[in-house]
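Derivation of every value follows stated rules applied to the coordinates shown; laboratory data play no part. Keep in mind it's a predicted model, so treat the numbers as computed, not measured. Neighbour counts run over all protein chains shown; Cβ positions are idealised from the backbone, glycine included.
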Amino acid sequence: MRRRLAVLLACALPLTAAAPAHAAPPAPAVALGSVIPAPVEVRPGGPGFKLTAGTVIEAPPGARAVAEQLGEALRLRVVRHASARTGKIALELGRVSGGPEGYRLTVKRNGVTLRAGTAAGLFAGAQTLQQLVPLRGARTIAGGEIVDHPRFGYRGTMLDVARHFHTPDEIKRHIDEISKFKINHLHLHLSDDQGWRIQIDSWPRLTTVGGAAGTGVDGVGGGYLTKADYRDLVRYAASRYVTIVPEIDMPGHVNAAQVAYPELTCDGIAPPPRTDTAVGYSSLCIGSETTYRFVEDVIRELAAMTPGKYLHIGGDEAHATTDADYLTFQKRVLPLVRKYGKTAYGWNEIAVAPEASTAVAQYWGLTTQNPALAAAVANGTKVIMSPANLAYIDQKYDPSTRLGLSWAGFIEVRKAYDWNPGTHLTGVPESAVLGIEAPLWSETLRDLDDIEFMAFPRLAGHAELGWSPAGDWESFRTRLGAYGPRWAARGVDFYRSPQIDWAD
Ligand code: NGO
């Protein structure tokens, strides 16, 4: 299938603007299937459908919200029933293969039908359809049929709002962009040594002190999400079929909490605030009951405002916690997440704890071996793949990249794309992998342009790794080059990698 797609793409000609009126209609500017992520099955055929000012989107009540978004994107009206004469895009809820996000898109001369079993499937199909509408010239959608569904249920990215705070509006704009590639989870890294970014009513100084002005790296920025902000973000994300995954990092990465509440240290003395980028120096006091009162309050309040099933408890780089203390901590804290109805999720270090057998571990290592994680997987732990040398989108593209870090290596677009999350780690079979996540840490990132420059285009590749059957770089490279003008048209500040032939 991949080969067929590549051949097809090679034949796709750019639309010539000035074809004489009597000539055969030009080939559609976008070949069917020339979308990111690549669909599972593409069967091109037939004359295609031309969108006109009179085209309407027909949708039953359960598909109305998706239809309205599609209508806004394509500048078309949404109706409950279209008159038979008008060409229409019909959204239908009904059985299709491929699970809750599966969809079938059929394009014929007289109209388009998008069918899915759920609104999430219709949303996925609507993203495909938008990419099939040429950005310029005649709005003809290539004829044929696409049958599609995801490889993995979890396709995520992470945004670190602790090192530099990013506002709700910036986060929403980012949600708009990631959901176009069918990314369905946004993990928010809400606390770290520098700052604390989520309101917790029972410990108010976490945000009044930990989220104050100047709590970002280098003393730049500050801020936090109120509960109302957070709930609004959760709702906004849900309307784009994105689930928010909140993270409170512990028992390390807690300096900001200890500045606000010195009783969270073992000696009761507040440490100085930190705005540098060192890691691994702070730890909650493992032997103190105050620690567990704090942790339970935070987990309870966070679970109450989070409809998604995952609650991320960090667990990385606890270098200031002894190994024995780390196990003691996880023995109490992992079950607390369950107590409040959530599935515990942590960085792969949590795998050493026996209680992690019902948890999800996020692999962020640099190699293809992690015996502790493989052993946990044999006991039931599930894995999200975020190998730092391939999936960390805070790493520089090459030595000249102005932003980002490089401790995990330089990650150009091809490197980010050319690996297989289902076979990457020894002892972690695809059946144990829930999906992939590309984390974006914010030590060097201050505004939305910075976020977009590091995320795109790499995140489009990670989205394809999560959605599509095992990939084909040449095909991806062609489709990515063709996608560039869409980012440009929306004002997205993406990195124009020299590995890609960008269309104008
Ligand atoms: C590491 C570290 C983070 C850094 C990040 C920078 C993990 C899981 N812990 O990843 O604190 O921000 O690298 O790339």
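What the table shows:
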read-out: Compactness relative to 2.2 N^0.38 Å, alpha carbon Rg of the stretch 194-326; value: 1.06
read-out: Expected 222 nm ellipticity per residue - DSSP helices of 4 or more, -39500 (n - 2.57), all of the chain, to 500; value: -9000 deg cm²/dmol
read-out: Burial ranking of peptide ranges 265-272, 425-432, 100-107, 364-371 (average Cβ count within 10 Å, highest at the top); value: 100-107, 425-432, 364-371, 265-272
read-out: Span from the the stretch 198-254 Cα centroid across to the the stretch 306-337 one, whole angstrom; value: 19 Å
read-out: Sequence-distant lysines (8 or more away, or on other chains) whose Cα lies within less than 17 Å of residue 396; value: 415
read-out: Burial ranking of peptide ranges 45-54, 470-479 (average Cβ count within 10 Å, highest at the top); value: 470-479, 45-54
read-out: Between the stretch 58-100 and the stretch 140-176, the Cα center-to-center distance that results, in Å; value: 21 Å
read-out: Exceeding the 27 Å Cα-Cα cut-off - candidates 88/182; 50/182; 180/339; 227/331; value: 180/339; 227/331
read-out: Separation of alpha-carbon centers, the stretch 107-134 and the stretch 458-504, rounded to whole Å; value: 20 Å
read-out: Nearest-20 debye value, the stretch 29-148 charge dipole, Cβ charges on Lys, Arg, Asp, Glu; value: 480 debye
read-out: Given charges at Cβ of Lys, Arg, Asp, Glu: the stretch 71-169 dipole, positive-most of 144, 99, 125; value: 144
read-out: Kirkwood-Stokes translational diffusion coefficient of the stretch 29-148, alpha-carbon pairs, 25 °C, 0.890 mPa s, µm²/s; value: 176 µm²/s
read-out: Principal axes of the chain: Cα extent on each, largest first, Å; value: 85, 44, 44
read-out: Cβ-based net charge around residue 305, under 15 Å, with every Lys or Arg adding one and every Asp or Glu removing one; value: +1
read-out: Mean Cβ neighbour count within 10 Å, used as a protection proxy, ranking 287-297, 115-125, 456-466, 237-247 highest first; value: 456-466, 115-125, 237-247, 287-297
